[in-house]
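To start, the structure under review is shown below, and the notes come after it.
The values are calculated or read from the model by the stated rules, or taken from the named source; none is laboratory data. From a predicted model like this one, the values you see are computed outputs, not experimental measurements. Counting neighbours? That spans all protein chains shown, and the Cβs are built from the backbone with ideal geometry, glycine included. For the accessible areas, the whole protein counts, side chains as well, though only heavy atoms, and no ligand, DNA or RNA atoms are used. Shrake-Rupley method; radii C 1.70, N 1.55, O 1.52, S 1.80 Å.
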Amino acid sequence: MSTWLQFLGMGVIWGASFLFMKVALEGVGFTQVAWSRLVLGGLTLGLIVLLMRPRVATPTGERGPVLPRQPIVWLHFAVIAISGCVVPHMLFAWAELHVSSSLASIYNAVTPITTALMATLAFRVEKLAAAQWAGVIVGIAGVVVIIGPWQYAALTGSLLGQLACLGAAVCYGFTFGYTRKFLSTRPIAPATFAFLNIGIAGAIMLVLTPVIAWQPVELDLAIVGSLLALGVLGTGLAYIWNINVLRAWGPTNASTVTYVTPVVGVALGVLLLGERFSWHEPIGAVLVLLGILLAQGRLRLPRRARLASVEERRPVE
């Protein structure tokens with residue numbers, strides 16, 4: 001399967017996941033949505049690893065084990081399972097009780113901004129130039145416009161739902177920075193990498209089953225289909241595609257999937273669920289996209305600003 005097809009596939013599936021969550025919430029609780037997608041995703045990826053038994057070459061030229069043997073690697077995967085799966089999946093599922101699937105998909109597009117901040121300030125694996133800092137600031141301004149703080153005299157469900165979406169995007173940013181610092185250079189096959197990430201998260205959810213998943217449900221074909229799509233596709237196959245694209249194109253180009261997901265999410269929400277926007281939400285979304293383009297160096301500042309940026313990065317002699 002070509003890299004382009006995998007890229008478009010994960011963009012469509014992840015964009016549609018916000019619709020699937022909204023539909024599933026009609027019959028199950030938000031914790032059960034997160035539980036289902038991670039357990040089903042872990043089982044899907046575990047079956048793929050069991051059948052493929054993927055291995056990669058070690059620095060010595062030998063083929064390594066299917067699963068890593070160093071305890072520290074498992075600890076790192078446990079961290080990103082919690083920060084990149086358990087917590088953000090619960091936050092997004094809860095948020096969609098209070099906001100539209102379209103709006104949730106727009107907030108997901110904030111991830112490159114939070115990734116830039118985490119990679120620079122928390123993990124120090126990147127250093128942002130002036131143009132990139134400008135992009136971060138513009139992106140944050142876009143988030144403020146989307147939230148529309150002038151609308152709220154107090155904390156409401158809608159506002160808290162938006163803050164939960166933003167919290168999930170921060171979790172994703174932390175996870176990308178953590179992965180880059182501690183895991184991205186290790187010789188682990190893409191399928192195994194995805195399985196350890198989702199599988200450990202699924203195992204955590206299984207342990208928490210009596211607390212978060214043992215409640216009555218009302219299932220129909222649409223709800224079951226949505227849960228299967230979230231788990232098998234969105235949290236299963238798409239994660240393997242993501243690792244393949246990341247290694248083929250690099251993190252910057254791979255992260256452009258965030259341009260696809262909100263388009264798909266908004267289109268499905270409007271066409272299938274009849275969702276509507278306030279005037280400030282699309283304006284804020286445009287600012288977020290502009291911020292992402294600046295932060296990733298896909299837009300250039302005027303020449304004078306670029307010269308200033310070069311001077312900032314020039315080493316002191």
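Using a 1.4 Å probe, what is the accessible area per residue for the chain, in Å²?
For the chain, the solvent-accessible area averages 48 Å² per residue.
As a test of understanding, state the convex hull volume per residue of the chain from its alpha carbons, in Å³.
It is 163 Å³ per residue.
Could you tally the net charge around residue 76, taking each other residue with its Cβ under 11 Å from the Cβ of residue 76, Lys/Arg +1 and Asp/Glu -1?
+2
For every helix of n ≥ 4 consecutive DSSP H residues, a contribution of -39,500 (n - 2.57) applies; sum these over the chain, divide by its total residues, and give [θ] at 222 nm rounded to the nearest 500 deg cm²/dmol.
-21500 deg cm²/dmol
Take the Cβ-Cβ distance between residue 248 and residue 154 as r, set R0 to 51 Å, and report the resulting FRET efficiency rounded to the nearest 0.05.
Working from the Cβ atoms, E equals 0.60.
What does the convex hull of the alpha-carbon atoms of region 16-122 project to on average, in nm²?
Mean projected area for region 16-122: 9.2 nm², to one decimal.
Assuming R0 = 22 Å, can you tell me the calculated FRET efficiency for the pair residue 47 and residue 72, based on Cβ-Cβ distance, to the nearest 0.05?
0.25
With no solvent and one equal point scatterer placed on each C-alpha of region 121-192, evaluate the Debye formula and give log10 I(q)/I(0) for q = 0.14, 0.16, 0.23 Å⁻¹, two decimals.
So the normalised log intensities are -0.66, -0.78, -1.09.
Lys and Arg at +1, Asp and Glu at -1: add these up for the other residues within a Cβ distance under 13 Å of residue 33 and post the number.
Neighbourhood net charge equals 0.
Membrane-span-like helices in the chain: DSSP H runs reaching 24 Å or more (Cα, own axis), mean Kyte hydropathy at least -1.0?
Span-like helices here: 3-24, 30-52, 130-147, 157-182, 190-207.
What order, most packed first, do the peptides 132-142, 39-49 have when packing is the mean number of other Cβ atoms within 10 Å of each residue?
39-49, 132-142
What is the Rg over Rh value, at two decimals, for region 55-184, using alpha-carbon atoms and the Kirkwood definition of Rh?
On the Cα set of region 55-184, Rg over Rh gives 1.09.
Could you tell me which of 21, 97, 118 has its Cα farthest along the dipole of region 8-129 towards the positive end, charges placed at Cβ (Lys, Arg +1; Asp, Glu -1), taken about the Cα centre?
118
Go through 152-165, 108-121 and give me the packing order, highest mean Cβ count within 10 Å leading.
The most tightly packed comes first, giving 108-121, 152-165.
Order 14-23, 281-290, 64-73, 219-228 from most to least packed using the mean count of other Cβ atoms within 10 Å.
The peptides rank, most packed first, as 14-23, 281-290, 219-228, 64-73.
Which distance in nm do the two modelled labels at residue 278 and residue 124 give, with both placed 7 Å along the Cα-to-Cβ direction?
4.1 nm
Which order do 239, 259, 107 take by accessible area at a 1.4 Å probe, largest first?
Highest to lowest solvent-accessible surface, that is 259, 239, 107.
Counting C-alpha atoms alone, how compact is region 159-293: give Rg to one decimal and Dmax as a whole number, in angstrom.
17.5, 48
What percentage of the solvent-accessible surface of region 44-117, computed with a 1.4 Å probe over protein heavy atoms, is contributed by carbon and sulfur atoms?
Heavy-atom surface of region 44-117 belonging to carbon and sulfur, 1.4 Å probe: 69 percent.
With a 1.4 Å probe and all protein chains kept in place, how much accessible area does residue 126 have, in Å² rounded to the nearest 10?
Here the residue's solvent-accessible area equals roughly 70 Å².
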